[in-house]
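Quick notes on the structure that follows.
The values are calculated or read from the model by the stated rules, or taken from the named source; none is laboratory data. It should be emphasised that the depicted structure is a prediction, and the values quoted were computed from it without experimental measurement. Cβ sites come from the backbone with ideal geometry, for glycine too, and all protein chains shown count toward neighbours. Each accessible area value is taken on the protein alone, full model and side chains, heavy atoms only, with ligands, DNA and RNA left out. Shrake-Rupley method; radii C 1.70, N 1.55, O 1.52, S 1.80 Å.
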Amino acid sequence: SLTLNEVLSNSNAEVRYVGMKIIGFDKVLGDKRTKIVDSCDNTGMILFEIDGIFDEPVMYLKVINSTEEPDGTFKNYYLCVPPEMKTCKQAVAWTFKLDENEYAPSQET
């Protein structure tokens with residue numbers, strides 16, 4: 001029953017960070033303080049920024065695993081990316097140490 005308000009009101013940055021992970025990124029993503037920077041309907045990726053965890057905003061990229069889970073669902077992952085990212089493609093390319101123009105997978109596994 002921990003809320004994002006309770007987490008962000010803590011004076012300790014590490015406690016705020018851990019609290020955000022306990023709450024879960026799905027709830028953080030749905031909060032009004034979260035800024036959606038970019039999204040991609042084809043892949044389900046969402047690039048978003050949240051203020052109040054550390055001194056500077058933190059940027060995350062939501063990606064959806066392309067491998068189906070045994071129960072038929074697809075697991076979400078949240079990757080911390082640099083704050084200068086502007087697009088989902090740029091952010092996912094960064095995770096592979098590639099430029100946005102270099103990232104063009106022919107197959108996802």
Are there any pairs with C-beta distances below 8 angstrom linking a residue in the stretch 4-24 that is in a loop (DSSP other than H, G, I, E, B) to a residue that is modelled with pLDDT of 90 or more and surrounded by 13 or more Cβ atoms within 10 Å (Cβ to Cβ), with the two at least 6 apart or on different chains, and if so which?
Asn10/Arg16; Asn10/Gly19
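Assess whether Ile46 counts as being surrounded by 15 or more Cβ atoms within 10 Å (Cβ to Cβ) and modelled with pLDDT under 95. If you could, list the steps in order and put the result at the bottom.
Details: surrounded by 15 or more Cβ atoms within 10 Å (Cβ to Cβ): yes; modelled with pLDDT under 95: no.
Spelling it out, it is not the case that Ile46 is surrounded by 15 or more Cβ atoms within 10 Å (Cβ to Cβ) and modelled with pLDDT under 95.
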Taking the stretch 50-67 and the residues there that are farther than 16 Å from Trp94 by Cα and in a strand (DSSP E or B), the one that is least open to solvent (accessible area, probe 1.4 Å) would be Ile50
Could you tell me which numbered condition Val37 fails, if it satisfies all but one of (1) assigned to a loop (DSSP other than H, G, I, E, B); (2) open to solvent by less than 90 Å² (accessible area, probe 1.4 Å)?
(1)
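Taking the stretch 68-90, which residues are farther than 24 Å from Leu4 by Cβ and either free of Cβ contacts under 8 Å to residues at least 40 places away in the same chain or surrounded by fewer than 17 Cβ atoms within 10 Å (Cβ to Cβ) (or both)?
If we filter the stretch 68-90 for residues that are farther than 24 Å from Leu4 by Cβ, which is where we start, we get 68-74, 84, 86-87, 89-90.
Glu68, Glu69, Pro70, Asp71, Gly72, Thr73, Phe74, Glu84, Lys86, Thr87, Gln90 - these are the residues of the stretch 68-90 that are farther than 24 Å from Leu4 by Cβ and either free of Cβ contacts under 8 Å to residues at least 40 places away in the same chain or surrounded by fewer than 17 Cβ atoms within 10 Å (Cβ to Cβ) (or both).
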Quick one: Gly24 ticks every box in (1) more than 20 Å from Asn101 (Cα to Cα); (2) of a type outside the set (S, T, N, Q); (3) buried (at least 17 other Cβ atoms within 10 Å of the Cβ) bar one, so which box is it?
(3)
